[in-house]
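Written out below as structure tokens is the structure these notes cover.
The values are calculated or read from the model by the stated rules, or taken from the named source; none is laboratory data. Since we're looking at a predicted model, the values are computed, not measured. Cβ sites come from the backbone with ideal geometry, for glycine too, and all protein chains shown count toward neighbours. Please note that ligands, DNA and RNA were not included when accessible areas were found on the heavy atoms of the full protein model with its side chains. Shrake-Rupley method; radii C 1.70, N 1.55, O 1.52, S 1.80 Å.
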Amino acid sequence: MKKILFLLFFLFTIISCKKEKTETIEEETEIEIVKDSLKEVEITILDTIKTKIPQQLLASIEKDHQGKQYKIINFNLGFIDYNETEDAVIIIQEKDKSSGISESILVYQNTKDSYLLMAQNRSIITQEYFFTDEHTNSSKEIEIKEHHIKVSMFCYGPCGNTFLDFKFENDAIRLSNFSTYDVGAGAEIESEYDIEKNLVKIAMTNTMTDEMEVIEEEFTFTYSKGIRFIDLNTKDLFKELGNLESKIII
């Protein structure tokens, strides 16, 4: 009888040890998964600047651009939607044999498990702002701030500087404001477009005189092709606005 009891106790001890060992392995595995989701990897942007990007975000970008020749020009993390996880906005330069070089702005939504492509636009950044050997005086900056996506494009040539402000609302990203700053022969021109009021304000400073006279104009303007992030074409927008300016100001 004692031998039987001892044998049962011995078997119970072995089973308990196995169970504890299995639970320990499961707990360690779960902790490791959480750590992996927070990993960052180092990349190079603008050819020389080294920075770190979330591993999951980079994996999503690589998946969406599989088989394509591209490089990441810039990126920024912040809160676009309201789910308390950091989203991302990225500028990517692509090379295609048929269409040549183009630059896109991508918006990725962080869903905790992965980054999903929320919106993309290939028509916001025009060729004048490409950061290449041919356009060394041009650059772009992107920022996510208080659920707004801010795009700043700088150029020391005839294209001038452009500042775009997009806002996330009603599950869509829309242009809420844009402004420009141009320096030409004898004049500085600043314009600001209030989307909600469909109102454009323009201030021209005459730099050819000591008084630096400023002429201000204000007029209504509605961009006919819409202001959603995915639809916006800055060349068309500025062409429409320029045509209206020439009729009113000149």
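Scalar couplings 3J(HN,Hα) for segment 203-212, obtained by applying the Karplus form with A = 6.51, B = -1.76, C = 1.60 to θ = phi - 60°, are 10, 10, 9, 7, 8, 8, 10, 5, 6, 6 Hz; x denotes Gly and Pro. Which ³J(HN,Hα) values in Hz, rounded to whole numbers, follow from the phi angles of segment 213-218 under the Karplus curve 6.51 cos²θ - 1.76 cosθ + 1.60, where θ = phi - 60° and Gly and Pro get x? Coupling constants for segment 213-218: 4, 10, 10, 10, 10, 9 Hz. Here's how it looks for Thr111: its modeled amide H is under 5 Å from those of Leu116, which are all 5 or more places away or on a different chain. In this structure, the residue pairs whose Cα-Cα separation is over 32 Å, taken from Lys63/Lys167; Lys71/Lys239; Lys63/Lys197; Lys97/Lys201; Lys95/Lys239, are Lys63/Lys197; Lys97/Lys201. Here's how it looks for Glu40: its modeled amide H is under 5 Å from those of Gln55, which are all 5 or more places away or on a different chain. Of the residues Gly100, Ser152, Ile142, the one whose Cα sits farthest towards the positive end of the charge dipole of segment 74-208 is Gly100 (charges of +1 on Lys and Arg Cβ, -1 on Asp and Glu Cβ, taken about the Cα centre). Convex hull volume of the Cα atoms of segment 46-168, normalised per residue: 110 Å³.
Ordered by 1.4 Å accessible area with all protein chains kept, Lys68, Lys150, Lys239 run largest first as Lys239, Lys68, Lys150.
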